[in-house]
Amino acid sequence: MKNIIIGAGPAGRLAGLELGRLGEEVILIEKNKLGGTCLNEGCMVVCALTDIARFLNDSTHYKSLSLIRGDIEFSYEEIVKKIKKTQEIIHKIDHAENTSNNNEIIYGEAEINDNEVKVNGESFNYKNLLVATGANPHIPNIKGVEYSINNKDILKLKKVPERLNILGGSIIAAEISNIYSSLGSEVNVIARSEFLKELDPEIKEYVVKKLLKNVKIHEKTEPLEIQKNKTIAKNKDEKIIEIEGLTFLATGRSPNSKILKNILESSQFDRKGAIKVNEMMQTNVKNIYAAGDVIGGLNLTPVARMQGILAARNMAGYFNKIDYNCIPQSIRLEMDVSFVKNIEYKNSKINTKNNTNNPNNTNNTNNINNINNNIDNNTNNVYVNNNEKLNEVLVPGSAGPRAFWKVLTNETGMTKASFNSEKGLLESITAISPSSVNDIAYLSYLMRIGENIENFDEFIEIHPSTDVFFQIMKYI
């Protein structure tokens, strides 16, 4: 019997590669296309469009400084066509990569019954099963929601919408608002609570005023009805407002977990339908694992990859436990906004009785996705060194690649860090800069291994660089 993986997004595809590397035979089943949401409908599409948006914004900025003249025209239809062509190339690379690593790929919709998987009329028994079926856009219960679009529809648009209303206050809402406002849309963001509540107030203020200056943001505003070219909502002053434009949903993700509804008991799914797993990515059925967006929590591609690789190792008998501490995140805007916090996840409901490295142990009920879902609930299950006094430093960004010409308009970004001076440990850091994605990734690793900030000056960044906080750390 072979290992079977259902879903070839970041979690499933990387799990297949890892199992192949470990000498295990794998059947990788994918309903649509390799790469999952990230490549086909999500972050890679956002990155591609953000590249165009940045180019247009840069040209507008250079024109305002009288450095260049003339207008730039673009073709949204051609942009979409080239994105799809690029995706096709990557699909072929991904297919060749997995098949060359001991993976058999079957395209079709899978069904699980007892100890077998059915696909395209064939049945396969499995030694271990990994469900990595991802998630779909959450469709809220709003009148007229059928008139809305979501990330699945971006590459179906024939042209840039004249007006766009984005429902949601999340990172994806910010990224989509940046893209389409840069492409010429009149953009409104409608958030039921706060916009970008993940960010500290100073960082959020910079984002709104400097990076999303052409976007109108409505906080604490409840959408009541969606019409074909209009969104009706109730604002924080209890007034009914009507906002013209096409409605885009950025209202979260719903796990594609139905495939296990006949296998797992209802108690093995959380209130959002996410599959519950332990810290080894294992369900309460000893040879069934789950990874990626289907388990909820942090819906990030690097996290899904980490979960898939770890699940594969456990399936192959190389036992590992997941660690979600110091996960870096980013927002792709005019300049990247990247951040990481030293967060410890604790759950009072964890059953640690007989908790060993044995993958057949089903007593460990550590529900990782429930822990992650509590991040925004201010519960006692999640904390960031609440009992320790932290010092903070806030510094403006400096000149460098993609920031030199921003000095004239005071838009070079900023960095905010908090640290424990007694222990010499960095606790959180957010950077707005052209190089923040890479810088924060390295810093998150240093935080994860508990490196003292006195040693941060040993890090030598590549010159020229826009960030100086590595050097600042030795003085704070």
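The values are calculated or read from the model by the stated rules, or taken from the named source; none is laboratory data. All figures in this text were calculated on a predicted structure; none of them were measured in a lab. As a convention, Cβ positions derive from the backbone with ideal geometry for all residues, glycine included, and neighbour counts pool all protein chains shown. Areas reflect the complete protein model, heavy atoms only, side chains present, ligands, DNA and RNA absent. Shrake-Rupley method; radii C 1.70, N 1.55, O 1.52, S 1.80 Å.
Counting only residues that are open to solvent by 10 Å² or more (accessible area, probe 1.4 Å) and on the phi < 0 side of the Ramachandran plot, region 149-184 holds 22 of them. Does Ile105 satisfy the criteria of being within 15 Å of Gly9 (Cα to Cα), crowded, with 16+ Cβ neighbours inside 10 Å and of a type in the set (A, V, I, L, M)? Yes: the conditions hold for Ile105.
Counting the residues of region 119-147 that are open to solvent by less than 80 Å² (accessible area, probe 1.4 Å) and either farther than 30 Å from Gly168 by Cβ or under 27 Å from the mean Cα position of the chain (by Cα) (or both) gives 18.
In region 262-281, the residue that is surrounded by the fewest Cβ atoms within 10 Å (Cβ to Cβ) out of those that are basic (Lys, Arg) and within 22 Å of Pro140 (Cα to Cα) is Arg271.
Test Asp293 against the criterion of being touching a residue at least 60 places away in the same chain (Cβ under 8 Å), in contact with a helix residue (DSSP H, G or I) (Cβ under 6 Å, 6 or more places away or on another chain) and within 28 Å of Glu116 (Cβ to Cβ), and give yes or no. Considered against the rule, which asks whether it is touching a residue at least 60 places away in the same chain (Cβ under 8 Å), in contact with a helix residue (DSSP H, G or I) (Cβ under 6 Å, 6 or more places away or on another chain) and within 28 Å of Glu116 (Cβ to Cβ), Asp293 comes out as no. Inspection of region 111-118 finds no residue satisfying the criterion of being farther than 30 Å from Leu56 by Cβ, within 27 Å of the chain's Cα centre (by Cα) and part of a loop (DSSP other than H, G, I, E, B). With respect to (1) in contact with a strand residue (DSSP E or B) (Cβ under 7 Å, 6 or more places away or on another chain); (2) open to solvent by 60 Å² or more (accessible area, probe 1.4 Å), the lone exception for Arg21 is condition (1). Take the conditions (1) more than 23 Å from Ile295 (Cβ to Cβ); (2) crowded, with 16+ Cβ neighbours inside 10 Å; (3) free of Cβ contacts under 8 Å to residues at least 60 places away in the same chain; His61 misses just one of them, which is (3).
Scanning region 282-295 for residues that are in a loop (DSSP other than H, G, I, E, B) and open to solvent by 10 Å² or more (accessible area, probe 1.4 Å) returns Asn284, Val285, Lys286, Asn287.
With respect to being touching a helix residue (DSSP H, G or I) at 6+ places or on another chain (Cβ under 8 Å), assigned to a strand (DSSP E or B) and either loosely packed, with under 15 Cβ neighbours inside 10 Å or assigned by the TED database to the domain that holds Ile179 (or both), Thr247 fits the description.
Across region 407-421, which residue is most open to solvent (accessible area, probe 1.4 Å) among those that are touching a residue at least 24 places away in the same chain (Cβ under 8 Å) and assigned to a loop (DSSP other than H, G, I, E, B)? Step by step, filter region 407-421, then rank; the result is Ser421. Go through the residues of region 212-221 one by one and say whether even a single one is open to solvent by 40 Å² or more (accessible area, probe 1.4 Å), basic (Lys, Arg) and without any contact (Cβ under 8 Å) to a residue 24 or more places away in the chain. Yes; the residues of region 212-221 include at least one that is open to solvent by 40 Å² or more (accessible area, probe 1.4 Å), basic (Lys, Arg) and without any contact (Cβ under 8 Å) to a residue 24 or more places away in the chain.
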